[in-house]
1. Working only within the stretch 144-174, note down all residues that are within 13 Å of the ligand (Cβ to nearest atom), open to solvent by 20 Å² or more (accessible area, probe 1.4 Å) and farther than 19 Å from residue 27 by Cβ.
2. I'd like to verify a number: residues in the stretch 90-114 that are in a loop (DSSP other than H, G, I, E, B) and open to solvent by less than 60 Å² (accessible area, probe 1.4 Å), how many?
3. In the stretch 253-277, which residue that is within 16 Å of the ligand (Cβ to nearest atom) and not β-branched (Val, Ile, Thr) is most open to solvent (accessible area, probe 1.4 Å)?
4. Tell me, which strands (runs of 3 or more DSSP E) wholly within the stretch 175-244 include 3 or more residues that are in contact (Cβ under 8 Å) with a residue 40 or more places away in the chain and open to solvent by less than 10 Å² (accessible area, probe 1.4 Å)?
5. Tell me, yes or no, whether the stretch 165-174 has at least one residue that is closer than 22 Å to residue 52 by Cα and in a helix (DSSP H, G or I).
6. Just checking, does the stretch 115-131 include any residue being in a helix (DSSP H, G or I), among the hydrophobic types (A, V, I, L, M, F, W, C) and more than 15 Å from the chain's Cα centre (by Cα)?
7. Any residue in the stretch 54-64 that is touching a His at 6+ places or on another chain (Cβ under 8 Å) and modelled with pLDDT of 95 or more?
8. Looking at the stretch 245-277, which of its residues are within 27 Å of residue 67 (Cα to Cα) and either assigned to a loop (DSSP other than H, G, I, E, B) or of a type outside the set (Phe, Trp, Tyr) (or both)?
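The values are calculated or read from the model by the stated rules, or taken from the named source; none is laboratory data. Just so it is clear, the structure is predicted and the values come from calculations on it, not from any experiment. Counting neighbours? That spans all protein chains shown, and the Cβs are built from the backbone with ideal geometry, glycine included. Just the protein is used for accessible areas: all its heavy atoms, side chains included, with ligands, DNA and RNA removed. Shrake-Rupley method; radii C 1.70, N 1.55, O 1.52, S 1.80 Å.
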Amino acid sequence: MKVYINGEFFDSADAKISVFDHGLLYGDGVFEGIRVYEGCVFKLDEHLERLEMSAKAIMLKIPLPRSDLSEAVCDSCRQNKLVDGYVRLVVTRGIGDLGLSPKLCETPQIIIIADRIQLYPDSYYTNGMKIVTVATWRNNPAALPPMIKSLNYLNNIMAKMDAQNAGYVEALMLNDRGCVAECTGDNVFILFKGVVYTTPTSAGNLKGITREVAFNIAKEMDIPLKEVELTRYDLWNAEECFLTGTAAEVVPVTEIDGREIGDGKPGTTTLRFIEAFRKKVSIEGTML
Ligand code: PXG
């Protein structure tokens with residue numbers, strides 16, 4: 001595999017960055033996870049825009065304009081002959097000293113890893129996932145805005161471990177008001193009485209690109225969609241529930257906190273979203 005670092009490609013064994021990089025020392029940096037389907041990069045411009053917005057929020061100047069970054073992502077796929085896969089685009093603060101201050105970090109590092117993707121098992125899509133609320137809250141926006149896709153994912157990793165310790169694969173995270181925020185790497189949607197609901201980003205979640213795709217699917221299918229702060233009670237009583245994310249795509253949830261959702265099977269509206277999503281990824285995207 002060839003890994004891109006600052007404009008050069010290295011064999012994966014030689015793709016190295018400094019131990020003094022603040023990305024490693026402090027999680028000081030931003031990233032994107034992007035999918036490639038049938039030789040086309042899905043929602044590339046949207047991912048690059050979010051990367052720039054995350055970088056702006058942490059006052060990190062990305063050393064390449066969007067057009068060059070876009071080309072670098074596509075080039076990484078081509079170098080690796082990647083037709084279907086996952087691209088991890090990372091921008092770190094760069095090399096500094098052991099102090100917190102980013103002032104000494106002169107050159108942000110751009111890393112692009114284009115790899116095959118470990119897909120979720122088919123059973124998640126046919127039978128649905130079981131998720132559980134965990135004790136770890138999503139970051140409080142006043143401490144670290146969850147809209148920033150930063151390299152510091154410890155909050156979500158803690159939640160993931162909580163879920164795994166309880167015997168589940170995915171965690172439902174609440175915000176500091178006790179309302180639903182999101183899962184560790186996915187946004188949450190429910191269906192109730194013909195309306196699809198999801199939590200607004202002000203509830204403390206990432207503005208997911210797949211979430212936006214789901215908004216468009218709802219519009220195209222004439223299904224009303226509302227962004228409302230949701231409680232666990234709302235989720236337990238939902239007729240359907242699904243998660244959206246770049247890795248998970250659209251995945252049904254059939255049990256939350258031991259409560260069966262609907263009839264315990266993936267809902268018909270959820271299945272329509274999955275189908276519409278799969279159609280979109282097969283016809284849209286930036287050609288390599
Ligand atoms: N919420 C959080 C906290 C995320 O990290 C999403 C929602 C979904 O956003 P997109 O734009 O992907 O629709 C994410 C996605 C993984 C993985 O392997 C996922 C993410 C980050 C790292 C790993 O599932 N982010």
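1. Passing the criteria: only 169.
2. If we filter the stretch 90-114 for residues that are in a loop (DSSP other than H, G, I, E, B), which is where we start, we get 93-94, 96-101, 105-108.
Adding the requirement that they be open to solvent by less than 60 Å² (accessible area, probe 1.4 Å) leaves 93-94, 96, 99, 101, 105, 108.
Residues meeting the conditions: 7.
3. Per the criteria, the residue is 276.
4. Numbers: elements: 180-183, 187-192, 195-198, 225-227.
Answer list for the stretch 175-244: 180-183, 187-192.
5. Our first condition is that a residue be closer than 22 Å to residue 52 by Cα; within the stretch 165-174, this holds for none.
The answer is no, given that none of the residues of the stretch 165-174 is closer than 22 Å to residue 52 by Cα and in a helix (DSSP H, G or I).
6. Just the residues of the stretch 115-131 that are in a helix (DSSP H, G or I), to begin with: 122-127.
Narrowing the set further to residues that are among the hydrophobic types (A, V, I, L, M, F, W, C) leaves none.
No: zero hits.
7. Within the stretch 54-64, the first condition is being touching a His at 6+ places or on another chain (Cβ under 8 Å), and the residues that meet it are none.
No; the residues of the stretch 54-64 include none that is touching a His at 6+ places or on another chain (Cβ under 8 Å) and modelled with pLDDT of 95 or more.
8. Here is the first cut: in the stretch 245-277, the residues within 27 Å of residue 67 (Cα to Cα) are 245-247, 249, 277.
Answer for the stretch 245-277, where residues must be within 27 Å of residue 67 (Cα to Cα) and either assigned to a loop (DSSP other than H, G, I, E, B) or of a type outside the set (Phe, Trp, Tyr) (or both): 245, 246, 247, 249.
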